[in-house]
Structures are given as structure tokens and as C-alpha cells.
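The values are calculated or read from the model by the stated rules, or taken from the named source; none is laboratory data. Computed from a predicted model, the values in this text were never measured in an experiment. Methodologically, a virtual Cβ is constructed for each residue, glycine included, from the backbone with ideal geometry; neighbour enumeration extends over all protein chains shown. For the accessible areas, the whole protein counts, side chains as well, though only heavy atoms, and no ligand, DNA or RNA atoms are used. Shrake-Rupley method; radii C 1.70, N 1.55, O 1.52, S 1.80 Å.
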Amino acid sequence: NAGVTQTPKFRVLKTGQSMTLLCAQDMNHEYMYWYRQDPGMGLRLIHYSVGEGTTAKGEVPDGYNVSRLKKQNFLLGLESAAPSQTSVYFCASSYPSSYNEQFFGPGTRLTVL
Amino acid sequence: DQQVKQNSPSLSVQEGRISILNCDYTNSMFDYFLWYKKYPAEGPTFLISISSIKDKNEDGRFTVFLNKSAKHLSLHIVPSQPGDSAVYFCAASGGVSWGKLQFGAGTQVVVTP
């Protein structure tokens with residue numbers, strides 16, 4: 001099993017460009033999450049999904065959109081990238097019965113110039 | 001405002017000795033606490049957790065202690081090994097944060113031979 005995978009691993013964008021980060025999991029998890037990690041701030045929840053076709057806002061959702069068209073995939077979109085979105089992005093997934101024990105992907109390092 | 005705080009950004013300990021990592025929280029509604037471990041270029045991995053109905057949970061070399069009155073938890077690693085060198089994140093959930101983890105900023109542990 002690959003677990004949680006993220007594509008791409010690195011990306012550099014110019015201000016105003018758009019992109020989509022892909023997260024895929026093969027553990028049949030219902031719940032999926034997108035976090036960002038910034039220096040000195042730990043991980044902060046951007047959006048999450050409790051099932052296929054559902055999404056909800058987390059702590060820092062502004063400037064991001066998400067979609068969960070298939071149970072195994074969770075996409076994070078940036079429509080107009082800003083330098084403040086320079087960060088490391090982590091995707092995670094979990095079972096409903098143990099939602100706190102989340103499995104994380106390796107991360108995507110995004111730089112917005 | 002950060003509801004979970006790890007006030008020590010780094011900790012250096014000799015191999016074989018005890019590592020003690022501390023975490024404080026402000027939200028009295030939190031009822032589940034976790035520690036995650038993160039190596040460079042990897043996502044965090046779940047290490048150990050504790051429910052608010054307990055004050056101690058042990059798993060091999062790792063023990064988590066919870067002091068609810070002080071809103072404080074700690075992770076003890078005994079004995080410390082070089083492979084324990086990593087960033088450790090404290091996380092909490094509960095109340096309106098149900099299913100949404102609040103992370104501390106992390107503590108970098110370096111275990112020296």
C-alpha cells in the first residue's frame with residue numbers, strides 16, 4: 001500500500017497563477033484533510049472532507065478551494081496564488097472511528113514569488 | 001490565537017537519557033491529545049495519544065502524561081535513541097474542534113551519541 005501520496009512534491013508559482021495539489025489515499029479512509037505548515041506555527045487545517053462529495057472549511061480556508069469527487073482523492077486548488085501562500089502543504093486521511101489518528105502524506109513545498 | 005503551545009523549539013539529549021517534551025493548551029473543551037513525530041521531508045506520523053479520562057498512557061519507550069488542572073501534557077522518551085531525532089508535534093481536539101486537530105509549533109529533538 002502506498003498510503004497517502006501527494007503530487008507534486010515541489011512547485012514554484014508566480015503571484016496570480018493557479019494550481020491544483022492532488023492527494024490520493026489507498027486505505028479506504030472516509031475522512032481527508034489539507035493542512036499547511038509554516039515556520040513556528042505548527043500545522044493549520046485548511047479544509048477537510050468527511051466523505052465523497054462533501055467538503056468543509058477549516059481554520060484557514062481563505063484563498064483555497066477543494067473538491068472530493070472520488071473517495072480516494074482530495075484536491076486543493078489555489079485560484080490566484082499569493083506570496084502568503086508560500087508554505088508546506090500536507091494532506092492526511094483517517095477512519096471516522098479514529099479521526100484523530102491521521103495518516104499524512106509527505107508534503108508539497110510551494111513557493112509563490 | 002494558538003490554543004496548543006510548545007514553548008521549547010528544540011531539545012538536545014544524550015543517547016540513553018530521558019527526553020521530556022512539554023505542551024500546554026488553553027481550551028478546556030479539548031478531550032483528546034496526541035503526539036506526532038516528523039522526520040525531514042516526510043509527513044507527521046502518529047506516535048501516542050491520551051484521552052482526558054486518563055492521566056497516563058504508555059507505549060514502549062514512550063509515555064504521555066496529562067495534567068488537566070494545569071492544562072499541560074508531556075511526552076517522556078526513555079531511553080532516547082538516535083532514531084528519535086525528529087520534530088515532535090503536540091495536538092489536541094474536542095468541543096467545537098471535534099475531529100479538527102489543533103497542533104503546537106513543534107519541538108526539534110536531537111539525540112546525540
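Between B:Ser52 and B:Arg17, the simple label model (points 7 Å from Cα in the Cβ direction) yields a spacing of 3.5 nm.
Give B:Lys37/B:Lys100; A:Lys70/B:Lys37; B:Lys5/B:Lys100; A:Lys14/A:Lys71; A:Lys14/B:Lys38; A:Lys57/B:Lys37 a once-over and call out the pairs whose C-alpha atoms are over 22 Å from each other.
Details: B:Lys37/B:Lys100 18 Å; A:Lys70/B:Lys37 29 Å; B:Lys5/B:Lys100 16 Å; A:Lys14/A:Lys71 31 Å; A:Lys14/B:Lys38 29 Å; A:Lys57/B:Lys37 26 Å.
Checking Cα-Cα distances, A:Lys70/B:Lys37; A:Lys14/A:Lys71; A:Lys14/B:Lys38; A:Lys57/B:Lys37 exceed 22 Å.
Solvent-accessible surface of region B:9-111, taken per residue with a 1.4 Å probe and all protein chains present: 45 Å². Please sort by residue number the trypsin sites (Lys or Arg not before Pro) in region A:1-44 whose DSSP state is loop and whose Cβ has at most 15 other Cβ atoms within 10 Å. Qualifying residues, ordered by number: A:Lys9, A:Lys14. Annotation for region A:86-106 versus region B:1-74: alpha-carbon center distance of 18 Å.
Each listed q (0.09 Å⁻¹) maps to a log10 I(q)/I(0) for the protein assembly as shown from the Debye sum over equal C-alpha point scatterers, namely -0.36.
In angstrom, the C-alpha Rg and Dmax of region B:1-40 are 12.9, 37.
Rg/Rh for chain A to two decimals, with Rh computed the Kirkwood way over all alpha-carbon pairs.
So for chain A, dividing Rg by the Kirkwood Rh gives 0.95.
With a Förster radius of 30 Å, plug the Cβ-Cβ distance of B:Ser28 and B:Arg61 into 1/(1 + (r/R0)^6) and report the FRET value to the nearest 0.05. If you can, show how the numbers build up before the last one.
Values: r = 30 Å, r/R0 = 1.01.
In this case the efficiency is close to 0.50.
Dipole magnitude for the protein assembly as shown: about 260 debye, using +1 per Lys or Arg Cβ and -1 per Asp or Glu Cβ, origin at the Cα centre.
So which chymotrypsin sites (Phe, Trp or Tyr not before Pro) in region B:58-113 end up in coil per DSSP with only 12 or fewer other C-beta atoms within 10 Å?
Working: sites: B:Phe62, B:Phe65, B:Tyr88, B:Phe89, B:Trp98, B:Phe103; in loops: B:Trp98.
Within region B:58-113, the qualifying chymotrypsin sites (Phe, Trp or Tyr not before Pro) (loop, at most 12 other Cβ atoms within 10 Å) are B:Trp98.
Computed with a 1.4 angstrom probe on protein heavy atoms, the A-B interface buries about 1600 square angstrom of accessible area in total.
Please give the direction-averaged projected area of the C-alpha convex hull for region B:1-103, in square nanometres with one decimal. The partial results should precede the final answer.
Details: hull surface 26.6 nm².
So the mean shadow area of the Cα hull is 6.6 nm².
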